[in-house]
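Please treat every number below as a calculation from the coordinates, not as lab data. As the structure is a computational prediction, the values presented were derived from the model and not from experiment. Here the Cβ positions follow ideal geometry from the backbone for every residue, glycine too, while neighbour counts run over all protein chains shown.
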Amino acid sequence: MAGEAVPYQPHGGASDPARLRISDKERHQVSEILREAAGEGRLDLAELDARLEATYAARTYADLVPITADLPAHQHLQPVDRRATSPLVVQGPEKQSHFAIMSGFDRKGVWVVPQHLSIFCLMGGAELDLRHAKFAAQHVVITINAVMGGASVIVGPTTNVVMEGTGIMGGYSGPSGLVDARLDDSSPTVHIRGIAFWGGVSVERKHG
């Protein structure tokens, strides 16, 4: 019948995290990633305009993620499957930066690892013990840049570690240790990245 309202029919894939609706905040985050990529020469102006248009037209993660699939920041845009979220994930800070310049920086015991933790060591050192830590997100990123310095990271058996650092006359190593990893779908993931120049960053897995 003309003019009759059509009832809303939910999509069958509503439980799929990729089908979740995105917010304006997430669209703005992607637009900033695109502008940064253009500034670095990864995108030309025509590509930037086309991707920005697609970003603001996006409705779900499934629409948004492909826009940055070939850019380094892509991993931060993945939707979180809340069915597999670790009980160690709590509300916490989004970003923190710390410096160890001819000195030291350490975190241990019960503390919250922010979504993005940045540490700069210049002729100094950092020690991060994550065995009793909570995490501000299912995936967190720890960027450690060590110049004539070093950093040591300790994780427990149930924390997944992805090493993405680069050593220049230095090295990124781990996770090592005598303890086997016990990972499942709910394990928090720590991405460790950065540059070690005449220095080193190591990750060791130990019991709590």
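Report, ordered by chain and residue number, the aspartates and glutamates lying within cross-link reach of LYS206, taken as a straight Cα distance under 12 Å and ignoring same-chain residues fewer than 8 apart.
Those aspartates and glutamates meeting the cut-off are ASP129, ASP180.
Could you list ILE142, ILE67, ILE101 in order of exposure, starting from the residue whose Cβ has the fewest other Cβ atoms within 10 Å?
Final ranking by Cβ density, sparse to dense: ILE101, ILE67, ILE142.
Checking the cross-link filter: which lysines have an alpha carbon closer than 23 Å to that of LYS25, excluding same-chain neighbours under 8 positions apart?
List returned: LYS95.
What number, in nm² with one decimal, is the all-direction average of the projected area of the convex hull of the alpha-carbon atoms of the range 84-205?
6.6 nm²
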